[in-house]
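Values in this text are rule-based calculations from the coordinates and carry no lab data. In this text the structure is predicted, and so the values were computed from the model without any measurement. Here Cβ is always computed from backbone atoms with ideal geometry, including for glycine, and neighbour counts include all displayed protein chains.
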Ligand SMILES: Nc1ncnc2c1ncn2[C@@H]1O[C@H](COP(=O)(O)OP(=O)(O)OP(=O)(O)O)[C@@H](O)[C@H]1O
Ligand SMILES: [Mg+2]
């Protein structure tokens, strides 16, 4: 008879294997201890760490504590007070529910539990390598203190993978940061090698906790996110586009109060920035998502760091929309008053002349009679300029420069053919004319690409373009979208294009150069989603088509730009994330002049 080859593993070995999943490093053991404290209803959690947690982790709480029997039982595998049967797993609200963490940690450390369910009476349980050494009575306040010493002392293979104390300490800081962001109603302290590293009082908002963790300067860079879409609620903080990249990036996500890692959701939030940030820039994002508990499964990851949604797409879209809205309502422009003046149902939108100005830059088919009349600087115009089917209105035409008296657009001054300047109640404001026009055109082109074709200007004499192979590939790849934007183009054999009509964002528009530059920029570019490709094309064409620094603008053009910018969703930033608007407040000026 051959000996049996299969045997059930002794519990200690099984626990050590489980520990491999749950307890990867000191920080992950600490996470379990702190979550247990919170599950016990603690209002204050004090954490002591030595050598990055390698030699000691201690978590003290003022939670419900444990009786003598429970304290001993808590070290047994699958011993939990948090669920009773599988049905409880749906919508489980506690951090823990598996009854695995303590036995797993205990199997690879020297562990001490000191706990009391009431002031004065208490139990101490000493254990090492998964075996209980002794149980004694102690007197202590209600609550629990768990000390984990010499993590992995009996698992040399695991110990080898520990990093230096500094790197383990950084991981500990991250873990405590995440828990502290999740539970602002709890007071935390953290000390490392005898020095206090964090003292976080109870906070009433995420912003307040962020400020306590990472400083008020960081908190000030963040915009409020607050949105409800169907059954999904998204709130939190998102970095102002203009600040992105100037300090290290921080992200935080929670779903139904459970902190998670989810690169897909972060990407969805980043997508909301796409038109305001250079590629590769990574904004700080701290988002809390609430979904119906039946639509999320929390039991899919050994350290509960991931969840599974029944419909991930809907959650991602909700996150993207929420962040997009947060960026949209951000008002550097409130400072400037543009948005205030032009927001929904503005009296001026119905004003004939002003509305015409806005329309010209925004939604309606651009016509050469518009306020962007050509200037004397004809050398900057394309050779085909004479070929526009309609004659542009000359600059001195009263239609182009007349400013109706009753339209409350402030007097605008052009500086260095680059900036528009004006004053308002709060200070002096400068607008970058190219950036601003780029934002206006971008949103208009996006509207066109996502909602339908824009009328274009037919050229009397078609324009011939010779392209490089890469450029003609880019043309083929973007052909339909370019047509939607108003570029009616015919392939003419080889790498030659015949351009029959072009969009006309303003009469100074150099269609040939715009198309060429656009194709050169798009050459070799492959973006996956249709929306992403729309954004890329709209941004590229907007950049090439916008009025340039150096273009002299008439009063009418400046007014039109001013009003159109106020009507955009993100007036404060151009498509590269640069500011379109800079304000110098009156108090700031007074300080500079020593009046204050
Ligand atoms: N700080 C604490 N205060 C009070 N009770 C505690 C504390 N820590 C642990 N316990 C008790 O010990 C039990 C076992 O803890 P353990 O972390 O191993 O499992 P769990 O939290 O139930 O589930 P999970 O393995 O998912 O964390 C808990 O269910 C809880 O009843
Ligand atoms: Mg637990």
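Taking the Cβ of each residue in 106, 64 as the centre, tally the other Cβ atoms inside 10 Å and list the residues starting with the fewest.
Result, fewest neighbours first: 64, 106.
As a calculated quantity, the FRET efficiency between residue 196 and residue 51 at R0 = 22 Å, using C-beta atoms, amounts to about 0.85. Only alpha carbons enter this Debye calculation for the range 422-549, each as an equal point scatterer, and the log10 of I(q)/I(0) it gives at q = 0.11, 0.12, 0.19, 0.20 Å⁻¹ is -0.39, -0.46, -1.04, -1.15.
On the principal axes of its alpha-carbon atoms, the range 160-215 has extents of 42, 21, 18 Å, going from largest to smallest. Of the residues 94, 109, 254, the one with the fewest other Cβ atoms within 10 Å heads the list, and the complete ranking is 94, 254, 109.
Considering every alpha-carbon pair of the range 80-157, the percent of pairs per 10 Å bin, from zero through the bin containing the longest distance, is 18, 35, 34, 12, 0. Note on residue 425 and residue 185: with the Förster distance fixed at 35 Å, the Cβ-Cβ geometry gives a FRET efficiency of about 0.30. Give me the log10 of I(q) over I(0) for the range 473-532 at q = 0.24 Å⁻¹, as the Debye formula computes it from C-alpha points; what are the numbers? Rounded to two decimals, the profile gives -1.13. Put in line by how crowded their Cβ is, counting other Cβ atoms within 10 Å and starting with the fewest, 289, 431 read 289, 431. Projected label points at residue 589 and residue 267, each 7 Å from Cα along the beta carbon direction, are separated by 4.9 nanometres. For the pair residue 69 and residue 214, the difference between a 0.36 nm per residue extended length and the Cα-Cα distance amounts to 48.1 nm. For the range 123-227, taking the reciprocal of the average inverse distance between every pair of different Cα atoms yields a Kirkwood hydrodynamic radius of 17.1 Å. Entry note: the range 1-132 has Rg to Rh equal to 1.01, where both radii use alpha-carbon atoms and Rh is the Kirkwood radius. Just so you know, the averaged projected area of the alpha carbon convex hull for the range 415-460 sits at 5.6 nm². Under conditions of 37 °C and 0.692 mPa s, the range 276-322 yields 257 µm² s⁻¹ as its translational diffusion coefficient, taking Rh as the Kirkwood radius over Cα pairs in the Stokes-Einstein equation. Note on residue 297 and residue 83: the extension gain reaches 75.5 nm, defined as 0.36 nm multiplied by sequence separation minus the Cα-Cα distance.
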